[in-house]
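So the structure is just underneath, and the comments pick up after that.
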Amino acid sequence: MESVQSIDRAFQILTELADEPAGISELSRRLDLPTSTVARLLGTLEQLGAVERMPDENGYLVGPALVTLAASVDPTQSLLAVAQKTMQELVDLVAEAVGLSVPAGYDVHYIGQLDCANPVQVRDWTGVRLPMHIVPSGMVIMAHWPEGAVDRYLDRKLDRYTASSVTHPEQIRSRLAEIRKVGYIWMEEEFAVGINSVAAPLFNQSGAVVGALHSHGPSYRFPDPTLRDILSDRARSAAAEISAALGYVA
């Protein structure tokens, strides 16, 4: 148990230093640990390159080994790991596929999907990139762009995928305003005939939109008109839960 306790304390020290560099006495005060314990752990972490001394030698900061490790992490995989449990819970609740997507320039990139148990499903779109305006995941991301970025996006020829696709700039602006108001959007057969989808935005600790959570299914059953509002609320709540896990405070 001692080794586990040491790991826990070392992680606490690293977490504190990630927020703000500090010396032994300050860390001891913040963590309510003996100065001798903090000094011993810092010595080990320094040998491993996980922390390093500040130039004045009166404090420590996160070291190059941790910076290298952090740089090697695929952020999309990190997002998927954080969202996995909530995604599965949403699949169980809505009985349809649930997926994640992230912005990629003027496209939205689908990075993962969990399927439902229903034998009739839509295909897995993981790996596909689509224009922002054509799918709800893209729209909820674009809704939180600066106005100038939205202007530049809309000041182009916008592709139409089906007869239901909305491509008129003012209609899209109106939809973006509604998303900011209610926190989600439904789009019905705008990307592909026979597929309906709902999406809500994901935010990180700084409040920036980093992706979207969506659920989609065959248009003949999704959404059930009597459950539409409930499904909307479930999607929005699930996205809020993931955002909270990312450090976002509404």
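Of note:
- Selection within region 228-248 - under 14 Å from the mean Cα position of the chain (by Cα) and touching a residue at least 24 places away in the same chain (Cβ under 8 Å): Ala235, Arg236, Ala238, Ala239, Ala240, Glu241, Ile242, Ser243, Ala245, Leu246, Gly247, Tyr248
- Condition met for Ile179 (assigned to a helix (DSSP H, G or I), more than 30 Å from Thr15 (Cβ to Cβ), in the same structural domain as Val135 (by TED's automatic domain parsing) and in contact with a strand residue (DSSP E or B) (Cβ under 9 Å, 6 or more places away or on another chain)): yes
- Ala240 meets all of the listed conditions (1) assigned to a helix (DSSP H, G or I); (2) surrounded by fewer than 18 Cβ atoms within 10 Å (Cβ to Cβ) but one, namely (2).
- Residue, surrounded by the fewest Cβ atoms within 10 Å (Cβ to Cβ), within region 22-71, restricted to residues that are part of a strand (DSSP E or B) and in contact (Cβ under 8 Å) with a residue 12 or more places away in the chain: Leu61
- First in region 110-129 and assigned by TED's automatic domain parsing to the domain that holds Gln88, second anywhere and modelled with pLDDT under 75, Cβ under 8 Å, 6 or more apart: Ile111/Thr76; Gly112/Thr76; Asp115/Gln121
- In region 92-106, the residues that are surrounded by fewer than 17 Cβ atoms within 10 Å (Cβ to Cβ) and in a strand (DSSP E or B): Ala104
- Only a single item in (1) in the same structural domain as Asp224 (by TED's automatic domain parsing); (2) surrounded by fewer than 20 Cβ atoms within 10 Å (Cβ to Cβ); (3) modelled with pLDDT of 90 or more is not met by Ala83, and it is number (2).
The values are calculated or read from the model by the stated rules, or taken from the named source; none is laboratory data. All values derive from a computational prediction rather than experimental measurement. Here the Cβ is made from the backbone with ideal geometry for all residues, glycine too, and neighbour counts use every protein chain on show.
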